[in-house]
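In what follows, a single structure is set out as structure tokens and then discussed.
The values are calculated or read from the model by the stated rules, or taken from the named source; none is laboratory data. Keep in mind it's a predicted model, so treat the numbers as computed, not measured. Methodologically, a virtual Cβ is constructed for each residue, glycine included, from the backbone with ideal geometry; neighbour enumeration extends over all protein chains shown.
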């Protein structure tokens with residue numbers, strides 16, 4: 001071989017290079033779109049911030065713009081929703097995915113990395129840890145005490161002071177149309193349509209109304225077989 005000839009590139013390295021370039025390009029494009037979405041939603045976020053400063057107990061403006069953004073379809077809506085909540089929630093990452101017609105009812109929400117929130121989901125005062133998935137039409141309420149009885153015995157409207165934080169652990173999976181009012185442990189699965197009114201331990205499957213223990217997950221997280229088999 002000529003001493004000046006370049007050494008051959010191994011096949012694996014040759015294949016890896018284009019993938020690295022593609023990944024870098026996607027990250028750059030994603031950063032640009034996130035920046036544009038943040039700029040577009042800056043005014044709504046500022047209006048929400050003014051509302052919080054002047055009347056901390058009120059969330060009308062916060063909810064209005066969240067519901068407005070929820071109605072924007074497709075990829076633009078995904079970027080605009082998470083940009084708005086990045087600036088208005090207590091915590092929201094820019095790598096989460098908030099589906100069409102999904103919205104937060106309280107600005108106290110916290111959203112971790114790689115969280116998926118399906119279409120038409122409604123999230124209250126909740127912390128959703130990294131990697132958790134919320135199915136479409138699911139609701140995560142602000143605890144179990146949504147209303148109180150007044151002096152006359154009638155139910156009163158919801159009060160933010162009565163809200164309780166619900167914690168969804170990392171990599172938990174909340175099924176479609178589930179209703180969650182209590183903590184769900186890391187790696188747990190809540191079946192579709194289940195009603196969770198008491199805490200769910202880590203790495204178990206629960207289902208029904210009220211939600212009951214179904215099985216314990218295998219160490220690898222596979223719900224198809226019980227642990228120890």
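Residue 46 falls short on exactly one of the conditions (1) within 21 Å of the chain's Cα centre (by Cα); (2) free of Cβ contacts under 8 Å to residues at least 40 places away in the same chain; (3) part of a helix (DSSP H, G or I), and that condition is (1).
Within the range 92-113, the presence of a residue that is part of a helix (DSSP H, G or I) and either touching a residue at least 24 places away in the same chain (Cβ under 8 Å) or touching a strand residue (DSSP E or B) at 6+ places or on another chain (Cβ under 8 Å) (or both) is excluded. Quick check on my filter: what residues within the range 187-217 are touching a residue at least 40 places away in the same chain (Cβ under 8 Å) and over 19 Å from residue 142 (Cα atoms)? 192 - this is the single residue of the range 187-217 that is touching a residue at least 40 places away in the same chain (Cβ under 8 Å) and over 19 Å from residue 142 (Cα atoms). Can you confirm whether residue 27 is part of a helix (DSSP H, G or I), loosely packed, with under 14 Cβ neighbours inside 10 Å and at pLDDT below 95? Answer is yes for this residue.
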